[in-house]
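In what follows, a structure is listed as structure tokens, so that the remarks can point back to it.
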């Protein structure tokens, strides 16, 4: 019998390959995700799982995808930094995500599920179907959006809205990708970008942190520094890399603080190292390393598998509930709580 669970996938650009590896181990151990949520790259994996892709199928997809095509270039890109700045000034982003949206739509179409209504009302998981939640950031109204719930402000029937379009909004990294322009019911144009800008690791969507859940909610998160000793050097900066560093720093610090002070999220998080090791040595993959090689992709996928295996070896849902959803235990923990940075070295990652 399948073990019912829910899952939240952190954003991370190309690093999302690691999510597929980790989710595969959970599938092999008998888990079935009934509700999934994600930001950015996490939304991509969540959407594919929601429409019914097995993790073996996801592995094949990851192995055969040319990620460089996600970075659609125009003639201005051949002008270097100057050309990129022109595109930011006029289009608010360097690259178009048209290719990505078409790529994802084609994958969803293979399963016959391209809209939110197709999966929420699917008979596969009962009357309610598979619940998919995708985050995006509304720059116009300066707020976080969760789809499909917040789609009612933009259309009469959220069930008919394209999943691929929603995920495109969620993964549109500010400055890197052009924002999606979406009109609300009053004709106002909203500029929608990466959900990770406001919440890159939205555990709160599937668990309020207070109730006693019937099934576990697992989180899948990337760690830049498995050893806890070094941080990636930003290297020589130009205007473009400076702007993107501001965005990535804001995203990382927001969710590091959330997970370090929330109730039990750290203990139910699968920490996937973003540092890979190949014959060429060690390399820390960034979210926008779309020139990842096949060997590097396989190494990141394996990182996800190994992280999930380590996690499940020590996971006990009943013990977790006793500690983090028991009122007496919670009060004792609050009295002795210290606010410390998140340290994944204690999870056996070295």
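The values are calculated or read from the model by the stated rules, or taken from the named source; none is laboratory data. A quick note: this is a predicted structure, and the numbers were derived from the prediction, not measured. All Cβ positions, glycine included, derive from the backbone under ideal geometry; neighbour counts span all protein chains shown.
Note on segment 103-116: residues that are touching a helix residue (DSSP H, G or I) at 6+ places or on another chain (Cβ under 8 Å) and part of a helix (DSSP H, G or I) total 6.
In summary, residue 324 fulfils each of the numbered conditions (1) modelled with pLDDT under 90; (2) surrounded by 16 or more Cβ atoms within 10 Å (Cβ to Cβ); (3) closer than 17 Å to residue 41 by Cα with the single exception of condition (3). Cβ-Cβ distances below 7 Å connect the following pairs, each with a first residue in segment 146-157 that is within 14 Å of residue 190 (Cα to Cα), a second residue that is part of a loop (DSSP other than H, G, I, E, B) and at pLDDT 95 or above, and a separation of six or more residues or different chains: 151/161; 153/184; 153/185; 154/184; 154/185; 155/161. Look at segment 87-110: where a residue is surrounded by fewer than 16 Cβ atoms within 10 Å (Cβ to Cβ) and a partner is in a strand (DSSP E or B), sitting 6+ places away or on another chain with Cβ atoms under 8 Å, you get 98/72; 99/72. For segment 117-136, a tally of residues being at pLDDT below 95 and touching a helix residue (DSSP H, G or I) at 6+ places or on another chain (Cβ under 6 Å) returns 4. Scanning segment 194-213 for residues that are surrounded by fewer than 17 Cβ atoms within 10 Å (Cβ to Cβ) and either part of a helix (DSSP H, G or I) or at pLDDT 90 or above (or both) gives a single hit, 204. Here residue 165 fits the description: surrounded by fewer than 24 Cβ atoms within 10 Å (Cβ to Cβ), touching a residue at least 60 places away in the same chain (Cβ under 8 Å) and not in a strand (DSSP E or B).
Listed here are the residues, each with its yes/no results for (1) at pLDDT 95 or above; (2) closer than 28 Å to residue 319 by Cα; (3) in contact with a helix residue (DSSP H, G or I) (Cβ under 7 Å, 6 or more places away or on another chain).
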site: 156; (1), (2), (3): no, no, no
site: 176; (1), (2), (3): no, no, yes
site: 185; (1), (2), (3): yes, no, yes
site: 189; (1), (2), (3): yes, no, no
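I want to confirm something. Restricting to segment 282-314 and keeping residues that are assigned to a loop (DSSP other than H, G, I, E, B) and free of Cβ contacts under 8 Å to residues at least 40 places away in the same chain, which single residue is farthest from the chain's Cα centre (by Cα)? Per the criteria, the residue is 314. For segment 11-38, the set of residues classified as in contact with a strand residue (DSSP E or B) (Cβ under 6 Å, 6 or more places away or on another chain), under 19 Å from residue 287 (Cβ atoms) and modelled with pLDDT under 95 consists of 12, 15, listed by residue number. Give segment 268-295 a look and list any residue that's surrounded by fewer than 17 Cβ atoms within 10 Å (Cβ to Cβ), over 24 Å from residue 177 (Cβ atoms) and touching a helix residue (DSSP H, G or I) at 6+ places or on another chain (Cβ under 6 Å), or say none. If the condition is that a residue be surrounded by fewer than 17 Cβ atoms within 10 Å (Cβ to Cβ), over 24 Å from residue 177 (Cβ atoms) and touching a helix residue (DSSP H, G or I) at 6+ places or on another chain (Cβ under 6 Å), then 278 is the only one that fits.
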